[in-house]
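What follows is a short report on a single structure.
None of the figures in this text is laboratory data; all of them are computed from the coordinates on show. It should be emphasised that the depicted structure is a prediction, and the values quoted were computed from it without experimental measurement. Note that we place each Cβ from the backbone using ideal geometry, even for glycine, and neighbour counts take in every protein chain shown.
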């Protein structure tokens, strides 16, 4: 091995496992064609694209190509209610797809909910798509392991989601592992150090363990991620025109609620610093916060989606808000799916649910008013807002964040994570474009008959 080969071996870039596209329809925008072609040629990869950029048609075209190439079915895994939404999209684009809830396979492309995966045999498929793949964190370890193991047996694999959570490097590692590249423990060992002295303290205050890049490892890390993933917040990230993808105004309003009671042992309100204090604050102020939501919803002429965190919040909201429907964890899958579809069609005025139940995948551009009870999960907040504030929304979107004085620490943490998320996506896009420029330069050199050095 010469020095050049040694350096290349240390880059940990993912190899191509795909093929030249067999089917590239005109209904894809130019930037979508570019991403889809790359995904087909890559064979095993991830697409991190913002909400409303058309991941669904890209997934369908990718699946159609794999099925045509292998003459074997492809399985799409989707969150609850998203599978039926995808079937409607496929019909619009003229792609045949079969929705199966019992393990049967009757089409080149089959789609099901994540919860139904145990009914299917991985040997029946040549490709698998995980739609809204970041939802995998919401499942317990057994379910997540089942999905990862199912994917490992399939040659062609695609993950699609808006973006990984800010600084959630473990998620990027598990995505890589599911695709057959470097495992997340190997990833952490190669690129990161863990500040063990602060882990316990940061968890107490609702933050993630502190993983820090090793010296000079950050650029190499993002270069590695972009060897198996593509990121896009808007078409111009890939050098295309943004005119068809312009977001309307987003207004975030903090609605501060004064608690009727004091924390036990105190004469006045103080910020809730620790997680136990914040949980106590939430439970002690359910009535006041729900009454504020009622005031907000009563003023809305159109539809409203209310995102709560606790079962008691959802029950209280459903009781006091007229014409509201709650989707709770105890509900059957059929009942949840019907409510989400009915809300999308406009037949439900106020929908109440938790982010971990309904914040992934649904297109609710019909709604422009959101009420949110905050938590420390930035990704839940991002996904909840993006159900409505997405490309295709025609109206200004208003997010009313209902909180108490003691919950200001939670908002400060969300704001910090928002900055981290923006930086993370910026790094992804920058390194992606750098890699594309290097590829273009190599192609130009090769056309001249000179060797490809990189």
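The order of 220, 101, going from fewest to most other C-beta atoms within 10 Å of their C-beta, is 101, 220. Principal axis analysis of the Cα atoms in segment 250-412 yields extents of 49, 32, 28 Å, listed in decreasing size. The simple spin-label model puts a point 7 Å past each Cα toward its Cβ; for residue 320 and residue 426 those points are separated by 4.1 nm. For segment 273-369, the mean projected area of the C-alpha convex hull, equal to one quarter of the hull surface, is 6.7 nm². Applying 1/(1 + (r/R0)^6) with R0 = 45 Å to the Cβ-Cβ distance of residue 194 and residue 246 gives a FRET efficiency near 0.65.
Paramagnetic label reach from residue 333 (point 7 Å along Cα→Cβ; backbone nitrogen cut-off under 19 Å): within segment 96-113, residues 97-107, 109-113. A Förster radius of 30 Å, combined with the Cβ-Cβ distance separating residue 19 from residue 217, puts the computed FRET efficiency at roughly 0.35. FRET efficiency for the residue 419 to residue 301 pair, using the beta carbon distance and R₀ = 30 Å, is estimated at 0.30.
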